[in-house]
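Quick notes on the structure that follows.
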Amino acid sequence: MAEQDNGQDRMEKIVSLCKRRGLMFQSSEIYGGLNGFWDYGPAGVTLRRAVEQAWWTFMVEDRDNVEGLDSTIICHPRVWKASGHLDKFSDLMVDCVDCKRRFREDQLESPGVCPACGSKKLTEPREFNLMMKTFVGPVFDEEHVAWLRAETCQPIFVDFNQVRIAARQKLPFGIAQIGKAFRNEINPRFFTFRSREFVQMEMEFFCRDDESMQWFDFWKDARWEFYTKVLRIPEPRLKIHWHEKLAHYAKAALDIEFEFPFGWGEIEGVHHRGTWDMSRHEEFSAQDMKYFDQERNERYYPTVVETSCGLDRICLALLCNAYDEDMADTKKEGKDEDVRVVLHLPPLVAPVQVAVLPLSKKLEEKADPLFRALRRRFRTAYDVTGSIGKRYRRQDELGTPFCVTVDFDTLSDHAVTVRNRDAMTQERVGLDRLETYLDGLVHA
Ligand code: GAP
């Protein structure tokens, strides 16, 4: 229980920091907010874009066998009939007769008791479809209904042949896409963890069936490497949860989970999807979705191995992992005994990688050109207001790994002090080697 309270306390601090520093905050706040929708402020959008770019580089740009796609959010409604979403994408929900609130049945802590008011009067479980509905065209009737995509992968299956031909790819190869997905979640919760609008980063890998489990293992390992080596999340805070119950067409499925302050939560799924999607789209579109394998002189549906993660959940995991409070040597930096709130974000994704801090406004003539030069190479901020101690704290809270302080000595020795967020060291570095020095640290 104490641990849970600590977790809750930690989570509240993270949510509060995110709002205070403009990382993420409730959408439409002046109207009371909209449950399950979150906006990303200046620092948040930069973090999100950096993670997105890291994923794209790792999954697409650094590989010869994965192609990119950016499809529309609204697709032909039959896509969702074929995928099974319109018939089966639902959660079982119960309503509380007394307080009128609605809950997912599988999330009730004790079955038959309302978690909000304690009433025992809950309705029988009912199916609740999670697809978000809209209309295309001026007439709002059933004929014009369309759906906001609930996952980004379906258009990848639909566009398989277009991409394959355009990119002159042969099996095995993958198609990757980053984009918005929408789910009318019954209980959005845990900050951005379960949202109604979120970003998915998915890659569908098309291969021969008899090679599909090798590819499954390959992608499992690759995705683990992404979290531990690229995003530098410590291994003990991640685990793999193998699914015991599999869809009838699947040979394997697993979740990569992160230890959030509120408990372990899924950040990614690696799924063997068999030939289900391709055969269903053939059935519903009446187009041939099979692949002709010249080497084997065979025609068959490609088997699909999927890696599917949520960008918002990864950002939240990174923030939860990075959040820390310490009693670092604050006196040295002009502050008394205060607690330092710091985000130990890896430089690759930190919203600001380098902050240029002139000790005095009188040094702006020297500091401003330096800031402009560094900005070409790094995500750089400039801050001249407040005591240097306060400015370090501001950067710590945002997760800035390196602060470059320009002082009066800089005018004569042509050097600056580089302060390291994590080691809390300060090193004097000559201006002539500053870029190379920072490059070594930021892109290490
Ligand atoms: N195409 C397979 C698929 O969509 P999923 O397990 O439903 O699989 C994949 O979703 C990932 O999308 C999850 O691991 C999670 O990171 C993210 N995700 C799913 N629902 C989400 C939600 N309501 N809010 C934020 N992220 C979500």
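The values are calculated or read from the model by the stated rules, or taken from the named source; none is laboratory data. Only a predicted model underlies this, so the values are computations on that prediction, with no experimental measurement involved. Virtual Cβ from ideal backbone geometry, glycine too; neighbours counted across all protein chains shown. Note: accessible area is taken over every heavy atom of the protein model, side chains too, but ligands, DNA and RNA are not part of it. Shrake-Rupley method; radii C 1.70, N 1.55, O 1.52, S 1.80 Å.
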statement: Taking the dipole of the chain about the Cα centre (Lys, Arg +1; Asp, Glu -1; charges at Cβ), the one of Gly112, Ala43, Tyr301 that reaches farthest to the positive side is Ala43
statement: Carbon plus sulfur, as percent of the 1.4 Å-probe accessible area of the chain, comes to 49 percent
- prompt: Which listed residue (Phe284, Asn420, Leu311) has the Cα farthest towards the positive end of the charge dipole for the chain, taking +1 on Lys and Arg C-beta and -1 on Asp and Glu C-beta about the Cα centre?
  reply: Asn420
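Using a simple charge model, +1 on the beta-carbon of Lys and Arg, -1 on the beta-carbon of Asp and Glu, nothing else, what dipole does segment 341-442 show about its Cα centre, in debye to the nearest 20? Spell out each step's value before the answer.
On the way: 16 positive and 14 negative charges, 60 e Å.
Around 280 debye, computed over segment 341-442.
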task: For the chain, give the magnitude of the charge dipole about the Cα centre (Cβ charges: +1 Lys/Arg, -1 Asp/Glu; no others), in debye to the nearest 20.
output: 960 debye
query: In Å, the Kirkwood hydrodynamic radius of the chain over pairs of distinct alpha carbons?
result: 24.6 Å
- request: Name the cysteines of the chain that stand alone by the Cβ rule: no other cysteine Cβ under 4.7 angstrom.
  value: Cys18, Cys75, Cys153, Cys207, Cys309, Cys315, Cys320, Cys403
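Grab the beta carbon distance between Ala373 and Ser16, set R0 = 30 Å, and tell me the FRET efficiency rounded to 0.05. It would help to have the intermediate numbers written out before the result.
Details: r = 35 Å, r/R0 = 1.18.
In this case the efficiency is close to 0.25.
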task: Determine, for each peptide in 63-73, 302-312, 255-265, the mean count of other beta carbons within 10 angstrom over its residues, then list the peptides with the highest first.
output: 302-312, 255-265, 63-73
statement: With 0.36 nm assigned to each residue of separation and the Cα-Cα distance removed, Ala222 to Glu124 gains 31.0 nm
task: Treating the angle as unsigned and between 0 and 90°, give the value, to the nearest 10°, between the Cα long axis of helix 276-285 and the longest Cα principal axis of the chain.
output: 60 degrees
query: Two-decimal Rg/Rh of segment 329-420 from alpha-carbon positions, Kirkwood Rh?
result: 0.96
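Given the convex hull over the Cα atoms of segment 204-327, what projected area results after averaging over all orientations, in nm²? Display every interim value, and only then the final one.
Values: hull surface 39.9 nm².
Mean projected area for segment 204-327: 10.0 nm², to one decimal.
Per residue, what accessible area does the chain have, given a 1.4 Å probe and all protein chains present, in Å²? Kindly include the intermediate steps, with their values, before the conclusion.
Working: 21630 Å² over 444 residues.
Counting only protein heavy atoms, the per-residue value for the chain is 49 Å².
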message: I'd like the orientation of helix 388-398 relative to the chain: the angle between its Cα long axis and the longest Cα principal axis, in ° from 0 to 90, rounded to 10.
response: 10 degrees
field: Most to least packed among 381-393, 171-183 [average Cβ atoms within 10 Å]
entry: 171-183, 381-393
query: In whole angstrom, how far apart do the alpha carbon centroids of segment 120-154 and segment 231-304 sit?
result: 24 Å
- prompt: For helix 2-20, what angle does its Cα long axis make with the longest principal axis of the chain, in degrees from 0 to 90 and rounded to 10?
  reply: 70 degrees
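Calculate the dipole size of segment 259-323 relative to its Cα centre from +1 charges on Lys and Arg beta carbons and -1 charges on Asp and Glu beta carbons; express the result in debye to the nearest 20.
Details: 6 positive and 12 negative charges, 3 e Å.
Magnitude of the dipole: close to 20 debye.
Which of rounded, prolate, oblate describes segment 139-227, given a ≥ b ≥ c as roots of the alpha-carbon gyration tensor eigenvalues and a/c under 1.5 marking rounded, otherwise prolate only if a/b is larger than b/c?
Judged from the Cα gyration tensor, segment 139-227 comes out oblate (a/c at least 1.5, b/c at or above a/b).
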- prompt: Just going by the charge dipole of segment 111-230, with Lys and Arg at +1 and Asp and Glu at -1 on Cβ, which of His144, Asn184, Ala222 is farthest out on the positive end?
  reply: Asn184
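When a/c reaches 1.5 or more, the comparison of a/b and b/c decides; with that in mind, is segment 239-308 rounded, prolate or oblate per its Cα gyration tensor? If you can, show how the numbers build up before the last one.
Numbers: a/c = 3.25, a/b = 2.55, b/c = 1.27.
Prolate, since a/c reaches 1.5 and a/b exceeds b/c.
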task: Treating cross-link reach as a plain straight distance, find the aspartates and glutamates whose alpha-carbon is under 14 Å from the alpha-carbon of Lys19, omitting any fewer than eight places away in the same chain.
output: Glu29, Asp39, Glu397
- line: Semi-axes in Å, largest first, for segment 90-129 (Cα gyration tensor, √(5λ)) are 16, 10, 8
Taking the convex hull of Cα positions in segment 16-104, its mean projected area over all directions (nm²): 10.2 nm²
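Quick check on my link table: of Lys170/Lys290; Lys100/Lys121; Lys81/Lys290; Lys81/Lys251, which ones sit more than 18 Å apart, alpha carbon to alpha carbon? Mind showing how you got there, number by number?
Numbers: Lys170/Lys290 13 Å; Lys100/Lys121 10 Å; Lys81/Lys290 20 Å; Lys81/Lys251 23 Å.
Result: Lys81/Lys290; Lys81/Lys251 exceed 18 Å.
Kindly work out what percent of the DSSP beta bridges joining two residues of the chain are antiparallel, to the nearest 5. Before the final figure, lay out each step's value.
Numbers: 70 of 82 bridges.
Around 85 percent of the beta bridges assigned by DSSP in the chain are antiparallel ones.
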